[in-house]
Amino acid sequence: MSYRLPPPPVMVDPSVKCCDAGLTPGQIKAIRELGDGLLAERPIAARVGFNEASRVDPAKRHAVVQWLPFPTATNGTAWIYEMCADVIQQANGLHWRYDVTDFYDQLHYVCYTAPSDHFTWHRDSGDDWRRPQRKLAFSLLLSDPSEYEGGAFQVNDGAEHTVAATEAGTFIIFPASMLHRVLPVTRGERRALIGWAAGPPLR
């Protein structure tokens, strides 16, 4: 008898780390059903910018989104938050060692749909003068590669890189200040769960 450990985070390029969280197909399905249920109740047009500057701008970002509520005794999101927190802190301890303490924003469920949903180059670091600074961002892939075409995740750390990870259940983790984008989805739908680990100002 043994308890099999999930694969550790591995380096994809000098700045982005990808890891398999060990999610089962049933767990991935559960996250998708929760997110899709929220979208069915109230799809929100994806926005760009923060606070008063936040706006819908389809030229820069086109998708539908919802926010996964913070855990309560009855809403069933605790295991998702706990799993994401464990993965992020493990990756952070191995690679960055940032002082991160909380998800101050709810997790963000997003669905990109063909023929052209996308998100152009942007950073996730936010307006940290208002609230604790976002330091690490992640995207948990929730769609099998057979479900869509296009939708590549790219980063720019001085040069453009396409992140090779595409399998459902994979975390893509990177500094929130890094430029990144999602290329247009040309067939099907691409789903992901997005989050940001935050903490005291960098110094």
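Here, each number is a calculation from the coordinates, and none is a lab measurement. Predicted model, so just to flag it, every value in this text is computed and none were measured. Because the Cβ atoms are built from the backbone with ideal geometry, glycine has one as well, and the counts that use them run over all protein chains shown.
Here are a few things to note about the model shown:
- Mean residue ellipticity (222 nm) of the chain, computed from DSSP H runs ≥ 4 via -39,500 (n - 2.57), nearest 500: -6000 deg cm²/dmol
- Ranked F103, F174, criterion: other C-beta atoms within 10 Å, fewest first: F103, F174
- Distance in nm between pseudo-label sites at L202 and D20 (7 Å out along the Cβ direction from Cα): 3.1
- Inter-probe distance in nm under a simple model that places probes 7 Å from Cα toward Cβ, at R47 and W67: 0.9
- The mean sequence separation of alpha-carbon pairs under 8 Å and at least six residues apart, normalised by the residue count of the chain, gives a relative contact order of 27 percent.
- Highest-first packing order for the peptide set 163-170, 66-73, 193-200 is 193-200, 163-170, 66-73, based on the mean count of other beta carbon atoms within 10 Å.
- Between S116 and N75, the simple label model (points 7 Å from Cα in the Cβ direction) yields a spacing of 3.5 nm.
- Calculated FRET efficiency, S146 to R123, Cβ-Cβ distance, R0 = 30 Å: about 0.45 to the nearest 0.05.
- Read-out semi-axes √(5λ) of the Cα gyration tensor in Å, derived from the coordinates shown; its label in (1) 32, 27, 14; (2) 45, 17, 16; (3) 22, 21, 19: (3)
- Here the calculated FRET efficiency for A30 and L94, from their Cβ-Cβ distance with R0 = 41 Å, stands at 0.90, rounded to the nearest 0.05.
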